[in-house]
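The next block holds one structure in the form of structure tokens; read it before the comments.
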Amino acid sequence: MINLNIKNYLLRHIQVMLFTLGRIWRQPLASLMTFMVIGIALALPASLYVLLKNIEQVSTQWDDVAQISLFLKQNTSDTQAQQLVSELKAWPEITAVSYQSASQSLEEFRQLSGLGSLLDTLPANPLPGVVIVKPDSTDLQPDAIGHLLSRLEVLPDVEQAQLDMEWLQRLRSINETGQRGISILGLLLSLSVLLVIGNTIRLAILNQQSEIRVIKLVGGTNTFIRRPFLYTGFWYGLLGGLVAWLTLLFTMSLINGPINELASQYNSQFTLVWLSGSMMLILPFTGMLLGVMGAWLAVGRHLSAIEPT
Amino acid sequence: MITFTDVYKRYTNQYEALSGLSFELAKGEMAFLTGHSGAGKSTLLKLIALIERASHGQVLVNDQNLMRLPQGKIPYYRRQIGLVFQDHNLLHDRTVFDNVALPLVIAGENHREIGRRVRAALDKVGLLNKERNLPIALSGGEQQRVGIARAVVNRPPILLADEPTGNLDPDLSRDIMHLFEQFNQVGVTVFIATHDLELIKTLPYRQVVLHKGRLAKQGEQSR
């Protein structure tokens, strides 16, 4: 008996599900527009998320070019410098150390700047010797780098330690800011999806006022009346989520070609990172959840107002 | 089955639709509710169907005190009452079958039982061959019979009708009344609001007559 009841209950839900889908199907244009609105609203934060993932990937590729320049004090001799180099080589967080003497630096500057003979007029070499340190890139958290930098700075022969890839850290910060921005944007757009679905359901309720009255007259409970509207919200959300999914797939396939070309010109193994499988599932699922919630809000507000007269 | 004791119904604009109304309808009785337009016939039926609540007095239906029935119980209460309307109140985007099935679907009956009972009800009103039609494709009399089939499909003990023959010609009206008589004969309490005096004076049932919201007269109980 109980089994039969559960079976009846499930059967009724499936019937309502199919019934509401049929109703949506019979208004293809209006429904499609609703799907598009929901889809675009969901696709926007999702595509920004993908963009961010790709920037992150690029920045990790550049991690191994990060290096720290130690500008030595003017009076440091070459032997002192070589001693420092062998000392630093023993540090576990450092993978490579090289030394460029003051005269080498001057030579390099002469070549790069093209100031040539002008530099000869200087009474002494103004450039310091430089020790170039390559940190271990596996341990390259911004904090760890900062820590290493401060330890290098206080070495007796070092005048100044400078992280050449400070912009990398900035990129990371920008990335983090971007992530927060996307979260906020996602939240706002989710809210708009909620409102769009709520409004669509509200219109559906108004359209079916007489039907709701009849159902109430023959003994329909609010739960019974609510159910088809919740399923309508479910379908709008789910199908809107699928539209978002397709939109994302479409735009990414559009930019995939040019990106690969660009990457090959830079000799980079960069390939576009797509949404992971679970993220792809999250889109329709989020849509579905928002759909049911939006419908619930609309039904709660408007259903009690419709009573038979 | 239905007992009104000193019932008043006032609307917010001070208009009094029913004043001090008392009457009783026995279980299994069939009666007509008559009176001029605005006498309070529809209001009275609405109080029984709990579409509205009385301002004062007591309404007992099938041993339930309607004044004390909480809002959430109303749907279940209404399942004991079959309602027939002048304008049928059918759902125009659903077939005749689906319209008649609605009370059973709401009550959560299983599929096979629904099919069986809907066909029995449609057979009773002579529309078994129209079950796949949309209401719009039926004549006025047929639509009214669909409405009646829907009202009786879950076998309620009480059948209320508000001007069920209001839009029908005399022959069709007589057929509809005959249908109500048949349900009454199997034990259903039937209460019909009508102003079709020509038709009901040929029928042997009690008349409850309203005048300006008061009971003008009520005939002898017919059984």
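Values quoted throughout were computed directly from the atomic coordinates according to the rules given, and no laboratory measurement underlies them. Please read all numbers here as calculations on a predicted model, not as lab measurements. Counting neighbours? That spans all protein chains shown, and the Cβs are built from the backbone with ideal geometry, glycine included.
In table form, for the structure just shown:
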{"item": "Straight-distance crosslink candidates among lysines, where the alpha carbon sits under 18 Å from residue B:9 and sequence neighbours closer than 8 are dropped", "result": "B:41, B:46, B:212"}
{"item": "Backbone N under 11 Å from the residue B:199 label point (7 Å along Cα→Cβ), restricted to the range B:75-95", "result": "B:86"}
{"item": "Radius of gyration and maximum dimension Dmax of chain B, Cα, Å", "result": "17.2, 51"}
{"item": "Computed over the range A:67-164: relative contact order in percent, which uses C-alpha pairs under 8 Å that are six or more apart", "result": "49 percent"}
{"item": "Share of pairwise Cα separations in the protein assembly as shown, more than 36 Å, in percent", "result": "58 percent"}
{"item": "Per-pair calculated FRET efficiency, R0 = 45 Å: residue A:14 and residue A:266 via Cβ, rounded to 0.05", "result": "0.25"}
{"item": "Point-charge dipole on Cβ atoms (K/R +1, D/E -1) for the protein assembly as shown, about Cα centre, debye to 20", "result": "3780 debye"}
{"item": "Where a label projected 7 Å from the Cα of residue A:184 along Cα→Cβ would reach, residues of the range A:16-55 with amide N under 14 Å", "result": "none"}
{"item": "Cα-based reach from residue A:89 at 29 Å (exclusive), listing lysines while leaving out same-chain residues under 8 positions away", "result": "A:73, A:134"}
{"item": "Dipole of the range A:67-164, positive direction: furthest Cα of A:126, A:82, A:161, with charges on the beta-carbon", "result": "A:126"}
{"item": "Charge dipole (debye, nearest 20) of the range A:67-164; +1 at Cβ of Lys and Arg, -1 at Cβ of Asp and Glu", "result": "140 debye"}
{"item": "GNM flexibility winner over chain A from A:252, A:33, A:280 (Cα, springs under 10 Å)", "result": "A:33"}
{"item": "Kirkwood-based Rg to Rh ratio, chain A, C-alpha trace", "result": "1.28"}
{"item": "Dipole of the range A:67-164 [Lys/Arg +1, Asp/Glu -1 at C-beta], most positive-end residue of A:70, A:152, A:135", "result": "A:70"}
{"item": "Distant-in-sequence amide H partners of residue A:159 (H built 1.01 Å from N, under 5 Å)", "result": "A:71, A:72, A:73"}
{"item": "Size of charge dipole - chain A - debye, nearest 20, with Cβ of Lys, Arg +1 and Asp, Glu -1, no other charges", "result": "2920 debye"}
{"item": "GNM top mover of A:115, A:206, A:191 - chain A, alpha-carbon springs below 10 Å", "result": "A:115"}
{"item": "Choice from A:95, A:20, A:286 with maximal GNM fluctuation in chain A (Cα, 10 Å cutoff)", "result": "A:95"}
{"item": "Selected from A:116, B:23, A:244, residue furthest toward positive end of dipole (the protein assembly as shown; charges at beta carbon)", "result": "B:23"}
